[in-house]
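Engineer: Below is one structure. I have some questions about it.
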Amino acid sequence: MVFAMFSFAVEDTLIKVLSVTMPVGQILSLICLGGVLLFLVWFLMRGIPLWQPEYLNNKVMLRSLCDAVGSCLFITALSLVPLTTASAVIQATPLVVAMGAALFLGQTIGWRRWLAIITGFIGVLIIIRPGMDGFVPATLLAVAGMFGLATRDLLTRSLTVSLSGPQLAIHTFTIIIPAGLLLMLGQGQSAVIPDAKQIGLLVGCVIIGVIAYLAIVAATRTGNAGIISSFRYSRMVFALALGYVFFAEIPDQATLIGVFIIIASGIFTLWREARMHSASLAAEATV
């Protein structure tokens with residue numbers, strides 16, 4: 001999981017570098033196109049059917065649409081605000097997922113987790129600083145993107161289809177390709193012909209993204225989900241380091257305080273969820 005988070009942080013860094021000379025919509029579309037091609041090769045090598053009727057399932061479609069919207073918003077924010085700021089906001093995703101699970105999926109959440117979720121949102125507000133000096137409106141795009149990706153995760157939890165992770169991924173990538181092109185057109189930008197450097201960065205994004213995805217799958221299949229998920233926050237540590245090295249970003253005190261609050265709240269929420277799940281399994285075993 002730590003390796004996956006490092007890989008995603010590197011991918012974010014490469015995307016931010018690319019966004020200086022290439023429309024973000026085009027970047028997103030090309031990366032997803034590369035991901036689709038790699039997964040297609042993988043499917044053919046393993047004899048996995050390229051088409052599944054469940055691709056047309058309403059929840060599967062809605063999940064991919066939420067992922068597309070969230071990705072477009074987050075990548076746009078990444079091109080406009082510091083890497084560390086965008087990465088800090090996205091750390092609140094597990095908190096939104098926990099809240100959504102209680103509100104929409106009927107999952108029971110105790111007062112401690114509710115308090116942690118509220119505290120985490122306060123951390124987000126400290127980073128954004130609405131109405132105060134240092135407020136950057138583009139940060140709200142990162143917040144909107146975070147909610148889109150959290151909705152995707154909620155829908156993933158509620159899926160009852162037999163599609164595997166790679167099949168869901170190729171479905172999502174396929175929908176993001178036109179979404180990225182629409183984003184580019186909506187921003188009034190024209191596509192550019194990538195030069196050798198840009199092609200190298202794009203290929204790097206594709207390969208690193210797929211490796212990160214496979215690393216997450218391996219982590220979640222072989223370890224305790226609650227403990228493993230808490231290591232997702234290592235992405236923030238890597239983002240801080242990469243932001244400093246490549247963009248000379250030095251987060252101010254308010255941002256660091258907000259990051260600490262979000263991570264502490266998120267880890268506590270994941271820990272409580274894992275503990276409650278273990279207690280539930282133990283209770284069922286004694287029946």
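The values are calculated or read from the model by the stated rules, or taken from the named source; none is laboratory data. Predicted model, so just to flag it, every value in this text is computed and none were measured. For neighbour counting, all protein chains shown are included, and Cβ atoms are generated from backbone atoms with ideal geometry for every residue, glycine included. Note: accessible area is taken over every heavy atom of the protein model, side chains too, but ligands, DNA and RNA are not part of it. Shrake-Rupley method; radii C 1.70, N 1.55, O 1.52, S 1.80 Å.
Engineer: Grab the Cα-Cα distance for LEU40 and ARG275, subtract it from 0.36 nm times how many residues apart they are, and report the gain in nm with one decimal.
Structural biologist: Difference between extended and current length: 80.7 nm.
Engineer: Let me ask another. Sorted by average packing, counted as other Cβ atoms within 10 angstrom per residue and highest first, what order do 32-43, 61-72 take?
Structural biologist: Result, highest mean Cβ count within 10 Å first: 61-72, 32-43.
Engineer: Taking θ = phi - 60°, what integer Hz values does the Karplus form 6.51 cos²θ - 1.76 cosθ + 1.60 yield along segment 89-100, in sequence order, with x for Gly and Pro?
Structural biologist: 5, 5, 5, 7, 3, x, 5, 5, 5, 4, 5, x
Engineer: Using 7 Å Cα-to-Cβ label points, what is the ALA196/LEU140 separation (nm, one decimal)?
Structural biologist: Going from the ALA196 label point to the LEU140 one covers 4.4 nm.
Engineer: OK, next. How much accessible area per residue does the chain have, counting only protein heavy atoms and a probe of 1.4 Å, in square angstrom?
Structural biologist: Normalised by residue count, the accessible surface of the chain is 49 Å².
Engineer: Also, quick follow-up: With a 1.4 Å probe and every protein chain kept in, tell me what percent of the accessible surface of segment 85-138 is carbon plus sulfur.
Structural biologist: Whole-percent figure for carbon plus sulfur exposure: 70.
Engineer: Further, regarding this structure: How large is the helix-only mean residue ellipticity at 222 nm for the chain, computed as the sum of -39500 (n - 2.57) over DSSP H runs with n ≥ 4, divided by its residue count, in deg cm²/dmol to the nearest 500?
Structural biologist: Calculated from helices alone, the mean residue ellipticity at 222 nm is -26500 deg cm²/dmol.
Engineer: Still on this structure, I have one more. Could you tell me the center-to-center distance, by alpha carbons, between segment 152-199 and segment 92-151 in angstrom?
Structural biologist: If you average the Cα positions of each part, the centres end up 23 Å apart.
Engineer: Set Lys and Arg Cβ to +1 and Asp and Glu Cβ to -1, take the dipole of segment 1-128 about its Cα centre, and tell me which of LEU38, VAL17, VAL124 lies farthest positive.
Structural biologist: So the residue furthest toward the plus end is VAL124.
Engineer: Calculate the FRET efficiency for ILE207 and TRP111 from the Cβ-Cβ distance with a Förster distance of 45 Å, rounded to the nearest 0.05.
Structural biologist: E between ILE207 and TRP111, to the nearest 0.05, is 0.50.
Engineer: A follow-up question, please. Can you tally the net charge around TRP271? Count Lys and Arg as +1, Asp and Glu as -1, for every other residue whose Cβ sits under 12 Å from the Cβ of TRP271.
Structural biologist: My count for the surroundings of TRP271 gives +3.
Engineer: Residues with beta-carbon under 15 Å from that of ARG63, excluding ARG63: net charge, scoring Lys, Arg +1 and Asp, Glu -1?
Structural biologist: Spelling it out: positives minus negatives among the neighbours equals 0.
Engineer: At what distance in nm do the modelled label points of LEU182 and THR21 sit from each other, each positioned 7 Å from its Cα along Cα→Cβ?
Structural biologist: Between LEU182 and THR21, the label points sit 3.0 nm apart.
Engineer: Count charges around LEU155 for me, please; just the other residues with Cβ under 13 Å from its Cβ, Lys/Arg as +1, Asp/Glu as -1.
Structural biologist: +2
Engineer: Cα gyration tensor of segment 118-253, axes a ≥ b ≥ c as square roots of the eigenvalues: rounded (a/c below 1.5), prolate (a/b > b/c) or oblate?
Structural biologist: Because its axes are fairly even, with a/c under 1.5, segment 118-253 counts as rounded.
Engineer: Rank VAL97, PRO82, CYS72 by how far each Cα sits towards the positive end of the charge dipole of segment 1-144 (+1 on Lys, Arg Cβ; -1 on Asp, Glu Cβ) and give me just the farthest.
Structural biologist: VAL97
Engineer: Okay, next question. Would you work out the charge dipole size for segment 115-226 about its Cα centre, treating the Cβ of every Lys and Arg as +1 and the Cβ of every Asp and Glu as -1, and quote it to the nearest 20 debye?
Structural biologist: In debye, rounded to 20, segment 115-226 gives about 200.
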